[in-house]
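The values are calculated or read from the model by the stated rules, or taken from the named source; none is laboratory data. Keep in mind that this is a model prediction, so the values were computed, not measured. For neighbour counting, all protein chains shown are included, and Cβ atoms are generated from backbone atoms with ideal geometry for every residue, glycine included. These accessible areas exclude ligands, DNA and RNA; they are computed on the full protein's heavy atoms, side chains included. Shrake-Rupley method; radii C 1.70, N 1.55, O 1.52, S 1.80 Å.
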Amino acid sequence: MKPFIMVTTRPEHEAAQDEYESFLAQSGLSRDDLQHIALEEVDFLDSFTAADVSGVLIGASPYNADTPAAEKTRSQLNVEEQIRELLGVILKEGIPLLATGVALQVLAAYLGTGTQEEFGEELGAVDLFLTAEGRKDPVLAGLPQVVTVFAGHYEGVGEVPPHATLLASSPDCPVQMLRVGRNVYACQFNPELDAVRFERRVSIYDEAGYGDPDMSEDILTQARSSEAHDAGRIIRNFISHFTRS
């Protein structure tokens, strides 16, 4: 089979590596079939040949797309620019994509829709509701109509961009997952995280100076009560649907 490419956008090496391991575990692929590229370290487009891959997955990051440009770090500006360039290639050449977190926000902006703080969600478990289109979509096949996922973001997309189809929503964040065309998918939440990996992610960012340790313990208590991890099926469905030989 032609491999999938996993692109991590996190500047923290430990978090980026753990994210790759999480996607790897959920996908069921080998390391050769899910290749890891960090945008911080590699000029991705120079190493990317559309004809050689089955698809691309883009991980999330602690960046906020609507941070004023003057306040963005050089690292964030570089990552957002490379994501935009990558989206241009993907949309032009019809490459399958599953993007998460800030990549959804960059995609929405690319298509003409912005983000707002009022649609942010606190770190923790969130209930998503599949739309009628979501219930018919092959990447969401086998999921219940209400899906519990892990999320945490300061802003969100409140309006479906032009030429996109809404697949899932939540009370606080109207655009949780969308599809553009037939093979470009983006979600605000983290489909790779089960309760154990969510706990590890929170711990990594606490140690890096993000968040409140007292609040984190409350979040983790809630997370540990989440038994099912239905969201991982999204990754497996995406892989199964778009694998090319």
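The table that follows gives values for the structure above.
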{"quantity": "Subset of segment 224-242 (residues that are touching a strand residue (DSSP E or B) at 6+ places or on another chain (Cβ under 8 Å), surrounded by 15 or more Cβ atoms within 10 Å (Cβ to Cβ) and either at pLDDT below 90 or not in a helix (DSSP H, G or I) (or both))", "calculated": "Ser226, Asp230, Ala231"}
{"quantity": "Any chance Ala125 is under 15 Å from Pro174 (Cα atoms) and touching a residue at least 24 places away in the same chain (Cβ under 8 Å)", "calculated": "no"}
{"quantity": "Whichever residue in segment 191-204 is open to solvent by 20 Å² or more (accessible area, probe 1.4 Å) and either touching a residue at least 60 places away in the same chain (Cβ under 8 Å) or assigned to a loop (DSSP other than H, G, I, E, B) (or both) and, among such residues, is nearest to Phe238 (Cα to Cα)", "calculated": "Asp194"}
{"quantity": "Counted residues, segment 121-142 - those being of a type in the set (D, E, K, R) and assigned to a helix (DSSP H, G or I)", "calculated": "3"}
{"quantity": "Of all residues making up segment 7-39, the number that are open to solvent by less than 10 Å² (accessible area, probe 1.4 Å), in contact with an Asp or Glu (Cβ under 8 Å, 6 or more places away or on another chain) and not hydroxyl-bearing (Ser, Thr, Tyr)", "calculated": "3"}
{"quantity": "Meets criteria (in contact with a Ser or Thr (Cβ under 7 Å, 6 or more places away or on another chain) and surrounded by 18 or more Cβ atoms within 10 Å (Cβ to Cβ)) for Ile95", "calculated": "no"}
{"quantity": "Residue selected from segment 128-154 under the condition within 14 Å of the chain's Cα centre (by Cα) and of a type outside the set (A, V, I, L, M, F, W, C), by the criterion least open to solvent (accessible area, probe 1.4 Å)", "calculated": "His153"}
{"quantity": "Residues (surrounded by fewer than 24 Cβ atoms within 10 Å (Cβ to Cβ) and over 16 Å from Val157 (Cβ atoms)) located in segment 98-124", "calculated": "Glu122, Leu123, Gly124"}
{"quantity": "Residue in segment 161-171 that is modelled with pLDDT of 95 or more, buried (at least 21 other Cβ atoms within 10 Å of the Cβ) and touching a Pro at 6+ places or on another chain (Cβ under 9 Å) present", "calculated": "no"}
{"quantity": "Filter result for the condition that a residue is at pLDDT 85 or above and either of a type in the set (A, V, I, L, M) or on the phi < 0 side of the Ramachandran plot (or both), over Ala51, Ala65", "calculated": "Ala51"}
